[in-house]
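I have placed the structure first, in the form of structure tokens, so that the comments after it can refer back to it.
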Amino acid sequence: MTHSAIQPEVDVAALNAEFEPLDFQERIRRLYDYFPVDKVLFTSSFGTKSVVMLTLVSRANQLQAVHMLNTGYHFPETIAYRETLRELTGLPIKEIHPDPARHRQTQESEMWSSQPARCCHYNKVLPLREVKARHQVWMSGVHAYQTMNRQGMEVFEMVDGLLHFHPLIDIEEGEFLYLLEKDKLPRHPLEALGYGSIGCTHCTSPGSGRSGRWKGSSKDECGLHLK
């Protein structure tokens, strides 16, 4: 049965009670019982942890668009991997670009070195804010084991009037690796060079897990998923 679209005053606790016992695939399938696909914002970084989520979404709804924040600082390997996954999943991909003037400011000042949080804010947080305003729910593939901030997240959360949906939040790293191997899913080409997590070129180094992101600083989130 298809439900009418949920408004911001949704009972998040009731949704969590319904969705938490489900497996990852069924969580995503059931989301579309509540929301029309054009009201679901799905974002992907096309990083090392993206392919499982993209595959699950493609099996649930082939009409779901994937929004990618194109900061202008991606590794060429990430763009090539995106095209590999576009072909694999068949999902339509839409790019979100930062404001040209702000982006140019980050380039000219090399803001990633002196003010990495501000650089992320200009190239990721602000551009996504406009897109979020046109949707009712934001679906992303974050995992609780990745950062301290993510350990406190639930399957559904209401943040600033937008319902956030984290269908893989409670996946364990071993489960994730099993799904990769079971379906013989393609890995990000930079993984073979020791990159555990991949973002923009200036702020990503080889390292296990997310240890290579913003190396040498206490920063471990770009700001998109901060509560």
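Give me the percent of DSSP beta bridges within the chain that run antiparallel, rounded to the nearest 5.
35
Give the long-range amide H neighbours of LEU163: residues separated by 5 or more places, or on another chain, with amide H under 5 Å away, using H modelled in the peptide plane at 1.01 Å from N.
When sequence neighbours closer than 5 places are left aside, the close amide H contacts are TRP138.
Using modelled amide H (1.01 Å from N, peptide plane; none on Pro or chain starts), what sits under 5 Å from the amide H of VAL66, excluding residues fewer than 5 places away?
HN-HN under 5 Å from VAL66: ILE93, LYS94.
Residue by residue through the stretch 22-32, what is 3J(HN,Hα) from phi via Karplus (6.51 cos²θ - 1.76 cosθ + 1.60, θ = phi - 60°)? Round to whole Hz and write x for glycine and proline.
With coefficients 6.51, -1.76 and 1.60, one gets 7, 6, 4, 5, 5, 4, 5, 4, 6, 3, 6 Hz.
Scanning the chain for GluC sites (Glu not before Pro) in DSSP loops with at most 12 other Cβ atoms within 10 Å, what's the longest stretch left with none?
10-109
Using θ = phi - 60° and the Karplus curve 6.51 cos²θ - 1.76 cosθ + 1.60, what whole-Hz ³J(HN,Hα) does each residue of the stretch 72-77 get, with Gly and Pro shown as x?
These are the phi-based 3J(HN,Hα) values: x, 10, 6, 5, x, 5 Hz.
Taking the Cβ of each residue in LEU41, LEU128 as the centre, tally the other Cβ atoms inside 10 Å and list the residues starting with the fewest.
LEU128, LEU41
Amide H to amide H, which residues 5 or more places from ILE171 or on other chains are under 5 Å from it, using H placed in the peptide plane?
ALA144
From the phi of every residue in the stretch 187-201, what ³J(HN,Hα) in whole Hz does the Karplus formula 6.51 cos²θ - 1.76 cosθ + 1.60 yield, where θ is phi - 60° and glycine or proline is x?
9, 4, x, 7, 4, 5, 9, x, 8, x, 9, 10, x, 7, 4
On average over all directions, what projected area in square nanometres does the stretch 170-211 have, based on the convex hull of its Cα atoms?
Dividing the Cα hull surface by four gives the mean projection, 3.5 nm².
Take every Cα-Cα pair in the chain and report what % of them are more than 22 Å apart.
Tail of P(r) above 22 Å: 52 percent of Cα pairs.
Sort LYS124, LYS184, LYS132, LYS94 by Cβ crowding within 10 Å, fewest neighbours at the top.
LYS184, LYS94, LYS132, LYS124
Bear in mind that the values in this text are calculations on the coordinates, not laboratory data. This structure is a prediction, so every number in the text was calculated from the model and none was measured. With ideal geometry, Cβ positions are generated from the backbone for all residues, glycine too; neighbour counts draw on all protein chains shown.
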